[in-house]
Amino acid sequence: MAAHAERGMSAPPEVVFNTATDPDRSSAWLPERLRSSGACRVEVVDADEMRARWCAADWSAEIDVEPAGAGGARVRLDLAGPDHDLADEILANLDREVAENLTAG
């Protein structure tokens, strides 16, 4: 089963994409249920179009980040696997991580 979620974020798209694809930050926004389901690694599908994919034993996700108004970003997530109900939570967590990084920086 698959789920689709979208969310606007108040950060430049490059910041959102770099946060999402930084393996050292994934534990801050990727839910434990997914992290514990096996090895998860990020693959940048197209850096120019800000598309990335994650694959693990029983789930996969693809994210697209694009510019939105006022210097923000629009993030689209497709999540496949038994935990497809986590799509909205994933984007909320990513948004929080991006906001924390902007505040700290």
Of the conditions (1) out of contact with any Leu (no Cβ under 9 Å at 6 or more places or on another chain); (2) buried (at least 20 other Cβ atoms within 10 Å of the Cβ); (3) touching a residue at least 60 places away in the same chain (Cβ under 8 Å), Val65 fails just one. Which one is it?
-> (3)
Only listed residue being farther than 15 Å from Asp88 by Cα, open to solvent by 40 Å² or more (accessible area, probe 1.4 Å) and either part of a strand (DSSP E or B) or among the basic types (Lys, Arg) (or both), chosen from Glu43, Glu49 | Glu43
Can you find a residue in region 83-102 that is within 14 Å of the chain's Cα centre (by Cα), over 14 Å from Glu14 (Cβ atoms) and outside any helix (DSSP H, G or I)?
-> no
Within region 8-25, restricting attention to residues that are aliphatic (A, V, I, L, M) and either surrounded by fewer than 17 Cβ atoms within 10 Å (Cβ to Cβ) or more than 19 Å from Leu86 (Cβ to Cβ) (or both), which residue is farthest from the chain's Cα centre (by Cα)?
-> Ala11
Count, please, the residues in region 31-40 that happen to be surrounded by 13 or more Cβ atoms within 10 Å (Cβ to Cβ) and out of contact with any Asp or Glu (no Cβ under 8 Å at 6 or more places or on another chain).
-> 2
Restricted to region 52-68, and to residues that are part of a strand (DSSP E or B) and among the hydrophobic types (A, V, I, L, M, F, W, C), which residue is farthest from Glu100 (Cα to Cα)?
-> Cys55
Kindly indicate which of Ala28, Ala70, Ala57 is at positive phi and open to solvent by 40 Å² or more (accessible area, probe 1.4 Å).
-> Ala70
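Which of the residues that make up region 13-37 are of a type in the set (Lys, Arg) and either modelled with pLDDT of 95 or more or in a helix (DSSP H, G or I) (or both)?
If the condition is that a residue be of a type in the set (Lys, Arg) and either modelled with pLDDT of 95 or more or in a helix (DSSP H, G or I) (or both), then Arg33, Arg35 are the ones that fit.
The values are calculated or read from the model by the stated rules, or taken from the named source; none is laboratory data. Not measured: the values here are computed from a predicted model. For neighbour counting, all protein chains shown are included, and Cβ atoms are generated from backbone atoms with ideal geometry for every residue, glycine included. Accessible surface is based on the protein model in full, side chains and every heavy atom, while ligands, DNA and RNA are left aside. Shrake-Rupley method; radii C 1.70, N 1.55, O 1.52, S 1.80 Å.
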